[in-house]
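Engineer: Mind looking over this structure? Questions follow.
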Amino acid sequence: MIAKVLGFTLTGLNGVPISVEVDVNNGLPAFDVVGLADTAVKEAKERVRSAIKNSGRSMPTRRITANLAPADVKKEGSALDLPLAVGVLKASGQLVAETDGVVFLGELSLDGGLRRINGVLPILISALDAGYKKFVIPKDNATEASYVHGTEVYAAQSLSEVIDHFSALKPIEPLVQHEFVAEKEKAVYDSDLSFVKGQKVAKRALEVAVSGGHNLLFVGAPGTGKTMLAKCIPTIMPDMTFSEALETTKIHSVAGMLKDADGIVFTRPFRSPHHTATNIALTGGGVHLRPGEISLAHNGVLFLDEMPEYSRSALESLRQPLEDGEITVSRATGNALYPANFMLCGSMNPCPCGNYGSSDKECTCTPAQIVKYKSKISGPLLDRIDIQVEVDSVKYAELTDDEVSETSAVVRQRVNRTRLIQKNRFKDDGILTNSDMGERQLKKYCKLSKECEDILKNAYETLHLSPRARSRIIKVARTIADMDLYDQIKPEHILEAVSYRHC
């Protein structure tokens, strides 16, 4: 007897439907799995065998062949355990139930329990787009699945519960779908902008960068507060929209980094990989084409502390995602496209000793050493960083000043207001921030007066800027104008934006 059960596998962030065909025939006892399955899928037969026995059913002592169709799609992971077990039970006549159109997902333990799997959210979204609406998943994935509306999801703790549900002995209640709230609860951060003494220019640049989603680079001597400023970024990041939360959660779900209790990513990611991180760690890849730090920072921030210490190839791998907002991971095992629309924040010293340009410390580096150190960050990458700010040394009087600075909560209110302006402006353009604007949007929303054009022309010729740098200056000026609640870009906005290109 042949039984067909529907499962799903992942290729990147896209779910691919898999028809699990199980045939139980006379012959010597055997259990073969065919259809381009990886090691984890092939090992499923041992988990299925034990799970069926420990669930009060009997494993057929005949020849069992399971085909995973289509045969040319690589099947990875343990999500096909449950459909394989259901297929064996149906083919052997131990489960007589209609399961057409039902997607089964889950890893089996030897005692018949269902363990959580990675990537449930992207699978459900892909399956829903393909027309499937009914799902059976592990109980531990219930919270994650409850945010996908328009589905009928049954969460089970064991194979026995699945059998009883389809046998109408003990039906499982479908999941109650949850509504997304931008902040589940107010996050508590160790950092706050009110703790940063002095650095008014750097704090202003930080607010501009976050308000428009612009890339940012801090350049300054050691101990001036570059890292502290960067760690304040999560405290002023704007609330996530539901679509952004879903995109971010899909990536973290595939990477196995999703918290079970939350089920969805409520706050924007802040990723800070060590400077020894490899290219694959940043871009993604490996045997299973997992997302890297670049994709894990999607809709959030990627912070690279001491940028020149990263390998040249690792830094150059940032160029495509900074321009396109996505990254294609190509390996021998296949290709995967991951979103990577993040805000890059970097920090660096002006020279190897860190004191070049300091007003109170002497630099011990030779001119050749300074040039070599700065050249570790290529011109094309530096050109993609919208805001470049020098962070000056803090005077002792500023450190002991009792004046209360603005808190991150106050700044965040302004950031949310500015982001709302951009959201309304770009509601028909498919983007959310000024940094995402293309040439079409620049011409439409960033018309410059003759005075602004003259300032920009002078800066272009004096600073030897590239056409890309010119476009990015206009985008930053558009953000500054939004912060000041102006519909048109004013000369002072252009001047401030140009001042952020001097490093």
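Engineer: For residues that are assigned to a helix (DSSP H, G or I) and open to solvent by 30 Å² or more (accessible area, probe 1.4 Å), scanning just the stretch 316-327, find the one that is farthest from Thr224 (Cα to Cα).
Structural biologist: Asp324
Engineer: For the stretch 363-397, what are the residues that are small (Gly, Ala, Ser) and either open to solvent by less than 20 Å² (accessible area, probe 1.4 Å) or touching a helix residue (DSSP H, G or I) at 6+ places or on another chain (Cβ under 7 Å) (or both)? Before the answer, list the steps.
Structural biologist: Of the stretch 363-397, the ones small (Gly, Ala, Ser) are 368, 375, 378-379, 393, 397.
Across the stretch 363-397, the qualifying residue is only Ser378.
Engineer: Being part of a loop (DSSP other than H, G, I, E, B), among the basic types (Lys, Arg) and under 22 Å from Met343 (Cβ atoms) is the filter here, so list the residues in the stretch 258-274 that pass it. Quick ask: steps written out before the conclusion?
Structural biologist: Step one: filter the stretch 258-274 for residues part of a loop (DSSP other than H, G, I, E, B), giving 258-269, 272-274.
This time we only want the ones that are among the basic types (Lys, Arg), so: 259, 268.
Listed by number, the list holds a single entry, Arg268.
Engineer: In the list Ser313, Ser358, Ser330, which residue meets the criterion of being part of a loop (DSSP other than H, G, I, E, B) and out of contact with any Lys or Arg (no Cβ under 6 Å at 6 or more places or on another chain)? Steps first, please.
Structural biologist: Details: Ser313 fails: part of a loop (DSSP other than H, G, I, E, B); Ser330 fails: part of a loop (DSSP other than H, G, I, E, B).
Testing whether each residue is part of a loop (DSSP other than H, G, I, E, B) and out of contact with any Lys or Arg (no Cβ under 6 Å at 6 or more places or on another chain) leaves just Ser358.
Engineer: Just need a number here: residues in the stretch 236-267 that are open to solvent by 10 Å² or more (accessible area, probe 1.4 Å) and within 30 Å of Pro350 (Cα to Cα).
Structural biologist: Going through the stretch 236-267 one residue at a time, the tally reaches 1.
Engineer: Filter the stretch 87-106 down to residues that are aliphatic (A, V, I, L, M) and under 34 Å from the mean Cα position of the chain (by Cα), then give me how many there are.
Structural biologist: Applying the first criterion (aliphatic (A, V, I, L, M)) to the stretch 87-106 yields 88-89, 91, 95-97, 102-103, 105.
From what's left, under 34 Å from the mean Cα position of the chain (by Cα): 102-103, 105.
Total meeting the criteria: 3.
Engineer: On to the next question. Quick one: what pairs do we get from the stretch 157-169, first residue among the acidic types (Asp, Glu), second open to solvent by 60 Å² or more (accessible area, probe 1.4 Å), C-beta under 6 Å, 6+ apart or different chains?
Structural biologist: Cβ pairs passing all conditions: Asp164/Lys170.
Condition check ((1) part of a loop (DSSP other than H, G, I, E, B); (2) within 23 Å of the chain's Cα centre (by Cα)) across all residues:
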site	(1), (2)
Val153	no, no
Val162	no, no
Pro174	yes, no
Glu179	yes, yes
His214	yes, yes
Phe218	no, no
Pro222	yes, no
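Engineer: Determine which single condition Ala277 fails, assuming it passes every other condition in (1) at pLDDT 95 or above; (2) assigned to a loop (DSSP other than H, G, I, E, B); (3) among the hydrophobic types (A, V, I, L, M, F, W, C).
Structural biologist: If we test Ala277 against (1) at pLDDT 95 or above; (2) assigned to a loop (DSSP other than H, G, I, E, B); (3) among the hydrophobic types (A, V, I, L, M, F, W, C), just (1) comes out false.
Engineer: Before we move on, is Ser50 at pLDDT 95 or above, surrounded by fewer than 17 Cβ atoms within 10 Å (Cβ to Cβ) and either touching a His at 6+ places or on another chain (Cβ under 7 Å) or not in a loop (DSSP other than H, G, I, E, B) (or both)?
Structural biologist: Numbers: at pLDDT 95 or above: yes; surrounded by fewer than 17 Cβ atoms within 10 Å (Cβ to Cβ): yes; either touching a His at 6+ places or on another chain (Cβ under 7 Å) or not in a loop (DSSP other than H, G, I, E, B) (or both): yes.
Here the answer is yes, as Ser50 does meet what is asked.
Engineer: Answer with yes or no whether Gly77 is without any contact (Cβ under 8 Å) to a residue 40 or more places away in the chain, of a type in the set (Gly, Ala, Ser) and not in a helix (DSSP H, G or I).
Structural biologist: Values: without any contact (Cβ under 8 Å) to a residue 40 or more places away in the chain: no; of a type in the set (Gly, Ala, Ser): yes; not in a helix (DSSP H, G or I): yes.
Criteria not met by Gly77.
Engineer: Right, here's the next one. Only one residue in Ala40, Ala85 is among the small types (Gly, Ala, Ser), modelled with pLDDT of 95 or more and not in a strand (DSSP E or B). Which one? It would help to see each step written out before you state the result.
Structural biologist: Numbers: Ala40 fails: modelled with pLDDT of 95 or more.
Step by step, each of Ala40, Ala85 is checked, and only Ala85 is among the small types (Gly, Ala, Ser), modelled with pLDDT of 95 or more and not in a strand (DSSP E or B).
Engineer: Further question: Taking Thr400 as meeting all but one of (1) in contact with a Lys or Arg (Cβ under 9 Å, 6 or more places away or on another chain); (2) surrounded by 15 or more Cβ atoms within 10 Å (Cβ to Cβ); (3) β-branched (Val, Ile, Thr), write down the number of the exception.
Structural biologist: Of (1) in contact with a Lys or Arg (Cβ under 9 Å, 6 or more places away or on another chain); (2) surrounded by 15 or more Cβ atoms within 10 Å (Cβ to Cβ); (3) β-branched (Val, Ile, Thr), only one is false for Thr400: (2).
Engineer: May I pose another question? Collect the residues in the stretch 111-137 that are under 19 Å from Pro174 (Cα atoms), open to solvent by 20 Å² or more (accessible area, probe 1.4 Å) and either touching an Asp or Glu at 6+ places or on another chain (Cβ under 7 Å) or in contact (Cβ under 8 Å) with a residue 12 or more places away in the chain (or both), keeping them in residue-number order.
Structural biologist: Arg115, Arg116, Ile125, Leu128, Tyr132, Lys133, Lys134
Engineer: Further question: Taking only the stretch 340-355 into account, find how many residues are open to solvent by 20 Å² or more (accessible area, probe 1.4 Å) and free of Cβ contacts under 8 Å to residues at least 40 places away in the same chain.
Structural biologist: Total satisfying the criteria: 2.
Engineer: Could you please let me know if Val16 is touching a residue at least 12 places away in the same chain (Cβ under 8 Å) and open to solvent by 10 Å² or more (accessible area, probe 1.4 Å)?
Structural biologist: Working: touching a residue at least 12 places away in the same chain (Cβ under 8 Å): yes; open to solvent by 10 Å² or more (accessible area, probe 1.4 Å): yes.
Answer is yes for this residue.
Engineer: A follow-up question, please. Please list, ordered by first then second residue, the pairs with beta carbon atoms under 9 Å, 6 or more apart or interchain, first in the stretch 238-261 and more than 21 Å from Val210 (Cα to Cα) and among the small types (Gly, Ala, Ser), second open to solvent by 60 Å² or more (accessible area, probe 1.4 Å) and assigned to a loop (DSSP other than H, G, I, E, B).
Structural biologist: Ser253/Asn118; Ala255/Asn118; Gly256/Asn118
Engineer: Continuing with the same structure: Of (1) open to solvent by 10 Å² or more (accessible area, probe 1.4 Å); (2) touching a Lys or Arg at 6+ places or on another chain (Cβ under 6 Å), Val73 satisfies all except one. Which?
Structural biologist: (2)
Engineer: Go through the stretch 290-306 residue by residue and tally those that are open to solvent by less than 20 Å² (accessible area, probe 1.4 Å), modelled with pLDDT under 95 and more than 14 Å from Asn341 (Cα to Cα).
Structural biologist: Residues flagged as open to solvent by less than 20 Å² (accessible area, probe 1.4 Å), modelled with pLDDT under 95 and more than 14 Å from Asn341 (Cα to Cα) within the stretch 290-306 amount to 0.
Engineer: Filtering the stretch 340-355 down to residues that are under 28 Å from Arg268 (Cβ atoms) and among the polar types (S, T, N, Q), which residue is modelled with the lowest pLDDT?
Structural biologist: Step one: filter the stretch 340-355 for residues under 28 Å from Arg268 (Cβ atoms), giving 340-349.
Filter once more, keeping what is among the polar types (S, T, N, Q): 341, 347, 349.
Details: Asn341: 94, Ser347: 95, Asn349: 91.
Only one residue fits best here, namely Asn349.
Engineer: Follow-up. Mind counting the residues in the stretch 450-468 that are assigned to a loop (DSSP other than H, G, I, E, B), at negative phi and either open to solvent by 50 Å² or more (accessible area, probe 1.4 Å) or of a type in the set (Phe, Trp, Tyr) (or both)? Before you say what the answer is, go through the steps one by one.
Structural biologist: First, pick out the residues of the stretch 450-468 that are assigned to a loop (DSSP other than H, G, I, E, B): 463-466.
Next, from what is left, pick out any that are at negative phi: 463, 465-466.
From what is left, the residues that are either open to solvent by 50 Å² or more (accessible area, probe 1.4 Å) or of a type in the set (Phe, Trp, Tyr) (or both) are 463.
Summing the residues that are assigned to a loop (DSSP other than H, G, I, E, B), at negative phi and either open to solvent by 50 Å² or more (accessible area, probe 1.4 Å) or of a type in the set (Phe, Trp, Tyr) (or both) in the stretch 450-468 gives 1.
Engineer: Taking the condition of being β-branched (Val, Ile, Thr) and modelled with pLDDT of 85 or more, how many residues in the stretch 178-200 meet it? Reasoning before the result, please.
Structural biologist: So the first thing to find is which residues in the stretch 178-200 are β-branched (Val, Ile, Thr), and the list is 181, 188, 196.
From what's left, modelled with pLDDT of 85 or more: none.
Matching residues across the stretch 178-200 total 0.
The values are calculated or read from the model by the stated rules, or taken from the named source; none is laboratory data. Owing to the predicted nature of the structure, the values given are computational and were not obtained by experimental measurement. So basically every Cβ, Gly included, is an ideal-geometry build from the backbone, and we count neighbours across all protein chains shown. These accessible areas exclude ligands, DNA and RNA; they are computed on the full protein's heavy atoms, side chains included. Shrake-Rupley method; radii C 1.70, N 1.55, O 1.52, S 1.80 Å.
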